[in-house]
Amino acid sequence: MLVMGEVHTGLLQNSGEIPESTCRDVLQLLSGERVRVSRRPIVYAVSPDLLTGVDCRLPSASQSRIRGAGTVLSRSSITGGRVVQGSSYTRIERSGSDRRQPWSHYLARPGVVEVLGKVKSRDLADGFAEDPPADGLDLGAISARFLDVVQSSPLLDRRAPFKIARTRLRWVAEQGEPAIRFTLHSEQMRTVRLVHTGEFTPAVADLCEDLALHDWLLTALLVIIERARIGGTPGPEAAVKLAPAVDHLLHLWMPSARVDDVLSAYWESLDRRPGFTRQWQSLVDRVRDQLAVHTLAFLREKSGGGAR
Amino acid sequence: MLIFAISDKGGTGRSVTSTNIVYRHALQGNDVCYLDFDFGSPTAGAIFSVGSVARGTTRKGLHDYLLGEGAPEPHRVDVWTESDREGLRTKPPGAGRLVLLPGNEGGGELPAVEEETLRRCVQLFSRLDEEFDLVMVDVSAGRSFTAEMVLQATVRLPSVPFRWLVFHRWTRQHIIAADGLVTGADGLLDAGTRFGHKRDALRDRIRFVRTAVLEPDAAELVGLRDEQRAWLFACDTELRELASRHKVGRTSMLGKIPLDPILQWREQLISDEDVLASKIANAETAAAFDDLAKKIVDDAAWEGL
């Protein structure tokens with residue numbers, strides 16, 4: 001019927017980026033299952049999928065009381081040894097019967113929540129953008145926990161190079177004519193509504209994680225540039241404040257790196273408007289230009305000092 | 001960094017001083033947040049002039065969050081946008097974020113420290129430390145389960161730096177009480193050691209802040225008779241001796257806040273406008289807050305005693 005998910009993205013709580021081997025150890029949440037790693041074009045490590053059982057109210061724009069039971073699929077991932085994500089999603093399907101089934105029934109369908117009773121797909125999707133009620137399905141809380149597990153790993157030194165808020169991207173995917181809408185809500189909250197042709201595949205979740213990752217990078221770079229107060233503070237001070245961006249963020253931009261070819265058109269359309277890469281590139285140029293200007297000023301000062 | 005603000009007695013100016021410290025720290029360009037852990041009387045909203053949470057929030061506050069009452073995230077208030085005071089509603093250029101996490105209206109003190117409550121507290125501190133340069137936690141006055149909970153939480157977060165500020169007024173009873181809160185039976189050091197802190201290391205992370213201090217040479221005292229001034233001077237000397245006997249003396253003091261009439265009448269943030277434009281507050285008070293806001297993160301001020 002439809003798929004709902006939420007991705008939380010944050011800065012890994014470690015002074016530097018961590019190597020691939022440490023990524024594997026940190027993400028070994030479930031013993032016996034292997035951590036998957038891909039190395040090109042950027043090191044990406046992802047934990048095995050874990051299930052969380054839920055039996056709760058589902059979102060509804062019309063505030064109807066819809067009950068669902070089943071399981072949510074979640075995982076943690078680390079990109080470039082620096083950015084960490086907690087991601088959860090579940091497919092909402094109509095139940096074959098009106099009665100609540102035993103857990104064995106739901107465990108046989110990992111990542112599916114069955115709706116007990118009547119439901120309209122549109123009502124669910126519209127309600128999902130809102131914050132869930134106390135007894136409602138809260139994928140964000142599950143994703144945040146999967147992020148916490150990584151951040152609290154004893155293998156990390158917790159001395160992150162700068163403080164930065166996590167961002168959360170809530171997404172819902174339906175079947176129909178292909179379309180995508182990305183909306184910024186508050187400083188940390190984003191939503192994506194996506195319509196795809198054919199059956200849902202996990203590649204859609206990958207796409208949303210990739211969007212969340214790049215949106216976080218863009219947000220973090222904007223915050224660092226704002227903190228540097230270019231023009232409002234002396235050049236050397238601004239340059240020092242921009243340094244973490246160069247050290248930790250600028251090399252991580254790899255849009256669509258892990259996105260299935262079938263879905264890459266969605267990224268391309270977002271890159272046309274609002275234009276993620278365009279904004280990123282202009283910010284990167286700004287940081288580099290600032291550092292160049294500062295270097296020139298520094299050299300001029302030095303050579304001037306030598307002549308005197 | 002986590003900063004815990006505590007006092008032995010009520011009415012020491014703990015909340016008004018700690019809110020002013022975070023406010024100054026934000027003005028200095030840091031992202032800060034303030035946690036109202038004074039569950040019995042959550043009034044931080046009033047000091048920040050956020051009317052909607054003046055007596056705590058009616059939404060999911062810290063109290064609900066810690067007790068697991070349906071709140072995966074506690075309610076946050078962005079002071080720069082939600083304050084009713086016009087002077088606070090625009091974020092000054094270069095200032096960091098200033099976020100308040102209010103308690104619940106009608107929350108009440110924690111009845112005990114359950115494992116689940118402690119786990120949530122650790123999770124909250126850990127997430128906020130990821131996001132903010134400074135996290136100020138206003139712990140209620142005296143020995144409480146809240147104080148025990150944060151002592152235990154910091155044991156579980158060994159790599160997150162933390163410090164304690166003990167607020168007291170400059171009187172005989174307050175000096176003795178402040179010392180008792182730290183070194184007395186079942187005080188911070190006793191309780192901390194019981195939960196797994198090292199006594200000496202914990203001691204090094206505790207500093208005293210004197211509030212509402214009237215210096216014998218203050219301008220306010222000009223109208224006093226000579227006999228009164230002599231008496232005050234003798235009192236002050238005696239208190240200094242008492243303080244150093246109780247190890248609440250100069251070396252373990254992080255700062256002192258002069259008595260300011262404005263804070264006696266209304267607990268509020270003292271902005272530069274209050275000092276320079278309307279002149280209702282004393283410049284020394286604002287300077288003392290500013291100084292403390294720098295010292296709480298200055299390692300030199302926290303070297304071992």
Within segment A:1-33, tally of residues that are in a strand (DSSP E or B), of a type in the set (A, V, I, L, M) and touching a strand residue (DSSP E or B) at 6+ places or on another chain (Cβ under 6 Å): 4
The lone exception for B:Asp133 - which of (1) within 26 Å of B:Lys294 (Cβ to Cβ); (2) modelled with pLDDT of 95 or more; (3) more than 14 Å from chain A (Cβ to nearest Cβ) it fails: (3)
Restricting segment B:14-60 to residues that are among the small types (Gly, Ala, Ser) and within 24 Å of B:Leu202 (Cβ to Cβ), the residue that is nearest to the chain's Cα centre (by Cα): B:Ser18
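Kindly indicate whether any position in segment B:100-121 is within 22 Å of A:Ile164 (Cβ to Cβ) and either in contact with a strand residue (DSSP E or B) (Cβ under 9 Å, 6 or more places away or on another chain) or more than 14 Å from chain A (Cβ to nearest Cβ) (or both). Don't jump to the end; show me each part of the working.
The initial filter retains those residues of segment B:100-121 that are within 22 Å of A:Ile164 (Cβ to Cβ), namely B:100-101.
So of that shortlist, the ones also either in contact with a strand residue (DSSP E or B) (Cβ under 9 Å, 6 or more places away or on another chain) or more than 14 Å from chain A (Cβ to nearest Cβ) (or both) come out as B:100-101.
For segment B:100-121, residues within 22 Å of A:Ile164 (Cβ to Cβ) and either in contact with a strand residue (DSSP E or B) (Cβ under 9 Å, 6 or more places away or on another chain) or more than 14 Å from chain A (Cβ to nearest Cβ) (or both): present.
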Hits in segment A:251-263 (condition: at pLDDT 95 or above and surrounded by fewer than 16 Cβ atoms within 10 Å (Cβ to Cβ)): A:His251
Condition broken by A:Glu237, with the remaining ones in (1) without any contact (Cβ under 8 Å) to a residue 60 or more places away in the chain; (2) under 21 Å from the mean Cα position of the chain (by Cα); (3) within 14 Å of chain B (Cβ to nearest Cβ) satisfied: (2)
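Residue by residue, here is whether (1) farther than 30 Å from A:Arg288 by Cα; (2) touching a His at 6+ places or on another chain (Cβ under 9 Å); (3) not in a loop (DSSP other than H, G, I, E, B) holds:
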position	(1), (2), (3)
A:Arg159	no, no, no
A:Arg181	yes, no, yes
A:Ala205	yes, no, yes
A:Asp215	no, no, yes
A:Ile224	no, no, yes
A:Val240	no, no, yes
A:Leu263	yes, yes, yes
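So in segment B:156-166, with the set limited to residues that are touching a Phe, Trp or Tyr at 6+ places or on another chain (Cβ under 8 Å) and within 13 Å of chain A (Cβ to nearest Cβ), which one is nearest to B:Ala201 (Cα to Cα)? If you could, list the steps in order and put the result at the bottom.
Narrowing segment B:156-166 to residues touching a Phe, Trp or Tyr at 6+ places or on another chain (Cβ under 8 Å): B:157, B:160, B:162-166.
Retained after the next criterion (residues that are within 13 Å of chain A (Cβ to nearest Cβ)): B:157, B:160, B:162.
Details: B:Leu157: 15, B:Val160: 14, B:Phe162: 11 Å.
Here the answer is B:Phe162.
From the list B:Leu221, B:Leu259, which one is touching a residue at least 24 places away in the same chain (Cβ under 8 Å) and surrounded by 13 or more Cβ atoms within 10 Å (Cβ to Cβ)? Step through it out loud before you land on a result.
On the way: B:Leu221 fails: touching a residue at least 24 places away in the same chain (Cβ under 8 Å).
Exactly one residue qualifies, and that residue is B:Leu259.
Quick check on segment A:125-146. Is at least one of its residues within 14 Å of chain B (Cβ to nearest Cβ), under 28 Å from A:Met254 (Cα atoms) and assigned to a strand (DSSP E or B)?
So the first thing to find is which residues in segment A:125-146 are within 14 Å of chain B (Cβ to nearest Cβ), and the list is A:131-146.
Checking which are under 28 Å from A:Met254 (Cα atoms) leaves us with A:139-146.
Applying the additional criterion that residues be assigned to a strand (DSSP E or B) yields none.
No - not one qualifying residue is present in segment A:125-146.
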Count of residues meeting criterion [in a helix (DSSP H, G or I), within 14 Å of chain A (Cβ to nearest Cβ) and over 30 Å from A:Arg227 (Cα atoms)] in segment B:26-75: 2
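Could you grab me the full set of residues in segment B:83-99 that are within 13 Å of chain A (Cβ to nearest Cβ) and either touching a Pro at 6+ places or on another chain (Cβ under 7 Å) or farther than 20 Å from B:Ser15 by Cα (or both)?
To start, the set of residues in segment B:83-99 that are within 13 Å of chain A (Cβ to nearest Cβ) comprises B:91-97, B:99.
Listed by number, the residues that qualify are B:Lys91, B:Pro92, B:Pro93, B:Gly94, B:Ala95, B:Gly96.
Which ones in segment A:173-194 are among the small types (Gly, Ala, Ser) and more than 10 Å from chain B (Cβ to nearest Cβ)?
In the first step, residues of segment A:173-194 are kept if they are among the small types (Gly, Ala, Ser); the result is A:173, A:176, A:179, A:186.
Matches in segment A:173-194: A:Ala173, A:Gly176, A:Ala179.
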Positions within segment A:34-50 being in a loop (DSSP other than H, G, I, E, B), among the hydrophobic types (A, V, I, L, M, F, W, C) and either surrounded by fewer than 19 Cβ atoms within 10 Å (Cβ to Cβ) or out of contact with any strand residue (DSSP E or B) (no Cβ under 9 Å at 6 or more places or on another chain) (or both), in sequence order: A:Ile42, A:Val43
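Kindly indicate the residue of segment B:136-155 that is in a strand (DSSP E or B) and either surrounded by fewer than 24 Cβ atoms within 10 Å (Cβ to Cβ) or hydrophobic (A, V, I, L, M, F, W, C) (or both) and also nearest to the other protein chains (Cβ to nearest Cβ) among those meeting that condition. Working first, answer last.
The initial filter retains those residues of segment B:136-155 that are in a strand (DSSP E or B), namely B:136-139.
Then drop every residue that is not either surrounded by fewer than 24 Cβ atoms within 10 Å (Cβ to Cβ) or hydrophobic (A, V, I, L, M, F, W, C) (or both), which leaves B:136-137, B:139.
On the way: B:Met136: 15, B:Val137: 17, B:Val139: 23 Å.
The residue in question is B:Met136.
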Which listed residue, of A:Arg158, A:Arg170, A:Arg94, is surrounded by fewer than 15 Cβ atoms within 10 Å (Cβ to Cβ) and either within 14 Å of another protein chain (Cβ to nearest Cβ) or at pLDDT below 95 (or both): A:Arg94
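The values are calculated or read from the model by the stated rules, or taken from the named source; none is laboratory data. Remember, it's a predicted structure, so these values are computed and weren't measured experimentally. A quick note on method: Cβ atoms are made from the backbone with ideal geometry, for glycine too, and the neighbour counts reach across all protein chains shown.
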